[in-house]
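For reference, the structure discussed in these notes is given below.
The values are calculated or read from the model by the stated rules, or taken from the named source; none is laboratory data. Keep in mind that what you see is a predicted model, and the values were worked out from it rather than measured. Quick reminder, even Gly has a Cβ in these numbers, built from the backbone with ideal geometry, and neighbours come from all protein chains shown.
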Amino acid sequence: MSIQRGHHWVYLCLLLLLVSGCGDGKVRRYPVTGSVKIDGRPADNAVVVFCPLDGAPEVRNLRPSGLTDAQGSYKLMSIQPADGAPAGEYKVIIKWPAPAMAGAEDREGRGPKLGPDRLKGKYYDLDKTSLKATVEKRSNEIPPFELSSK
């Protein structure tokens, strides 16, 4: 009977290890939301990319990104939808493509081809961008990015 009890403890310990180890095995991420306004108006379908300035290699290799909705709001994704970003300091680049061209497909045939950046690359150059954000070890609401199309 003591052998059976011993097996129960082993199974319980294995179960606890499995449950505590659940996840995707990647770096810890925190929810990140925010918005983009261009000339004071919400930017629909703007691409927002957070580029890490520091951290371990697995963090520096991530480029958490999001796409704004009609209200200009985004939720960052690193690996899974809306999973956020690792804590740290980021440079931010933003591109605002013109609406999709009717009937035009991208090179890989995956969907409509987007038009040119309506901001003319002004905020999409990592070396020139002045946009920055900090992700903390909690749920994050990033202050709005207020951009100019001129």
Legend entry - Selected residue [surrounded by 20 or more Cβ atoms within 10 Å (Cβ to Cβ) and either in contact with a helix residue (DSSP H, G or I) (Cβ under 9 Å, 6 or more places away or on another chain) or over 21 Å from residue 121 (Cα atoms) (or both)] from 85, 56, 43: 85
Legend entry - Given (1) surrounded by fewer than 17 Cβ atoms within 10 Å (Cβ to Cβ); (2) β-branched (Val, Ile, Thr); (3) modelled with pLDDT of 95 or more, index of the condition residue 79 fails: (3)
Legend entry - Cβ-Cβ under 9 Å pairs, at least 6 apart or on other chains, the range 41-56 side at positive phi, far side aromatic (Phe, Trp, Tyr): 45/96
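In the range 43-98, what residues are under 27 Å from residue 148 (Cβ atoms), touching a Leu at 6+ places or on another chain (Cβ under 8 Å), part of a loop (DSSP other than H, G, I, E, B) and not aromatic (Phe, Trp, Tyr)? Quick ask: steps written out before the conclusion?
Here is the first cut: in the range 43-98, the ones under 27 Å from residue 148 (Cβ atoms) are 43-53, 63-77, 85, 89-98.
Keeping just the survivors that are touching a Leu at 6+ places or on another chain (Cβ under 8 Å) gives 43, 45-48, 50-52, 64-66, 74, 85, 89-98.
Next, from what is left, pick out any that are part of a loop (DSSP other than H, G, I, E, B): 43, 45-46, 64, 96, 98.
Hits for the range 43-98 are 43, 45, 46, 64, 98.
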Inset, instruction - Starting from residues that are exposed (fewer than 11 other Cβ atoms within 10 Å of the Cβ) and either touching a residue at least 24 places away in the same chain (Cβ under 8 Å) or closer than 24 Å to residue 82 by Cα (or both), keep the ones in the range 113-133 and report whichever is nearest to the chain's Cα centre (by Cα). - result: 126
